[in-house]
Every structure is written in structure tokens, then in C-alpha cells.
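Asks: First the structure, which I've put down as C-alpha cells, then a few questions once you've had a look.
The values are calculated or read from the model by the stated rules, or taken from the named source; none is laboratory data. Predicted model only: the values in this text are computed from it and were never measured. Cβ sites come from the backbone with ideal geometry, for glycine too, and all protein chains shown count toward neighbours.
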Amino acid sequence: VRRIVNENYIRAKQIVAEHLEKLKALAEALLEYETLDGPDIDLLLGGKPLGRPPVPRTRPESHDKYVKKETQDAKPGFLPGRLPEPEKA
């Protein structure tokens, strides 16, 4: 079981690395538009802009404090956007 998990962990990291620019484009679009449907994703992955305006950005004043606290409380060695290594036995 451990071998299967480790092999597929490595495979998953490779897939993410191979498609990192597409994943970043999707993440940025989700932050900008909040929702994406199938045709939106097709446009983005094809390198084309969406034909609609972005959602106006509004966030409560407490948001920045919350994000800062979440970052400070993160586990040591864990960086956002980085997968932790599987545990060794």
C-alpha cells in the first residue's frame, strides 16, 4: 500500500508541475470572476480572455487580518501551493 501511495504521490506532483501554468490561469480567473463554467475553462486553457467583466472586488476589513493569521498559524514546512512530502515509515 505504501508503495502505491508514494508512486501516485510522485505521479500527482509531476502532473501538477506539467500543468502549473494552466492551474495558475484557472486560479487567477476564479479569483477574478468567482465562478467558471465549461466554456470559460475552454477559453482560458486555449489562452483566450473571457468575454465578460470580472466580479467587483469587495471584501470585509477583517479579511486581511484573517489571511495574516491563517498564514502565521500554518504548519511549519508547509507553504501555500506546495504539497507536503508523504510520511516515511
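Asks: Hey, can you tell me all the residues within segment 30-60 that are part of a helix (DSSP H, G or I) and farther than 28 Å from Glu85 by Cα?
Replies: The answer is Glu32, Tyr33, Gly38, Pro39, Asp40, Ile41, Asp42, Leu43, Leu44, Leu45.
Asks: I would also like to ask the following. Among the residues of segment 13-56, write down those that are touching a residue at least 24 places away in the same chain (Cβ under 8 Å) and of a type in the set (A, V, I, L, M).
Replies: Val16
Asks: Looking for something out of contact with any Cys (no Cβ under 6 Å at 6 or more places or on another chain) and modelled with pLDDT of 70 or more - is there at least one such residue anywhere in segment 58-78? Even if it seems obvious, please write down each step before you answer.
Replies: Taking segment 58-78 first, the residues out of contact with any Cys (no Cβ under 6 Å at 6 or more places or on another chain) are 58-78.
Imposing the further condition that a residue be modelled with pLDDT of 70 or more reduces the set to 58.
Taking every residue of segment 58-78 in turn, at least one turns out to be out of contact with any Cys (no Cβ under 6 Å at 6 or more places or on another chain) and modelled with pLDDT of 70 or more.
Asks: Kindly indicate whether any position in segment 19-27 is in a loop (DSSP other than H, G, I, E, B) and modelled with pLDDT under 95.
Replies: Checking segment 19-27: at least one residue is in a loop (DSSP other than H, G, I, E, B) and modelled with pLDDT under 95.
Asks: Ala17 passes all but one of (1) surrounded by fewer than 10 Cβ atoms within 10 Å (Cβ to Cβ); (2) aliphatic (A, V, I, L, M); (3) more than 15 Å from the chain's Cα centre (by Cα); which number fails?
Replies: For Ala17, the exception is condition (3).
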